[in-house]
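Q: Take a look at this one; I'll ask things after.
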Amino acid sequence: MPQESSVPLEVEIRTVDALRGAGEPFLLLDCREPDEYATAHIDGATLLPMSELAERIGELSERQHDRIVVHCHHGGRSLRVARWLRTQGFDRAQSMAGGIDQWSQEIDPTVPRY
């Protein structure tokens, strides 16, 4: 059985906001689809749709040991993606609980809700 990561699988949006504010190095990965990204996105996030992840995983190879925070609309897809990334050796992958919808409500109201 693989060893559990010491990094929690989920991270709160306020923690992500604090990491950004402190200039902490991490990859904010948006796993939604391009049309959703066009509607609303968090500045600095990298779009890599869940539907393309398996074929594009190589794009993340240099970040394998970095903290990766995955987000989606509400937190369901990002949780699946973070779990899958961990099975691929990305032991610091996390899902942003609440997704971009909660981000818009609590962190940045200029991000449109949909």
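Computed from the coordinates by the stated procedures, all read-outs in this text should not be read as laboratory data. These numbers come from a predicted model, not from an experiment. Heads up, the Cβs are rebuilt from the backbone with ideal geometry, glycines too, and the neighbour counts pull from every protein chain shown.
Q: Quick check on this structure: which one of 27, 85, 47 is over 17 Å from residue 105 (Cβ atoms), of a type in the set (A, V, I, L, M), in contact with a strand residue (DSSP E or B) (Cβ under 8 Å, 6 or more places away or on another chain) and surrounded by fewer than 18 Cβ atoms within 10 Å (Cβ to Cβ)?
A: Values: 27 fails: surrounded by fewer than 18 Cβ atoms within 10 Å (Cβ to Cβ); 85 fails: surrounded by fewer than 18 Cβ atoms within 10 Å (Cβ to Cβ).
It is 47.
Q: Next up: If you check residue 10 against the conditions, is it in contact with a His (Cβ under 8 Å, 6 or more places away or on another chain) and either aromatic (Phe, Trp, Tyr) or touching a residue at least 60 places away in the same chain (Cβ under 8 Å) (or both)? First the steps, then the outcome.
A: Details: in contact with a His (Cβ under 8 Å, 6 or more places away or on another chain): no; either aromatic (Phe, Trp, Tyr) or touching a residue at least 60 places away in the same chain (Cβ under 8 Å) (or both): yes.
Here the answer is no, as residue 10 does not meet what is asked.
Q: Go through (1) within 18 Å of residue 103 (Cα to Cα); (2) in a loop (DSSP other than H, G, I, E, B); (3) small (Gly, Ala, Ser) and name the single condition residue 6 misses.
A: Going through the list (1) within 18 Å of residue 103 (Cα to Cα); (2) in a loop (DSSP other than H, G, I, E, B); (3) small (Gly, Ala, Ser), residue 6 breaks only (1).
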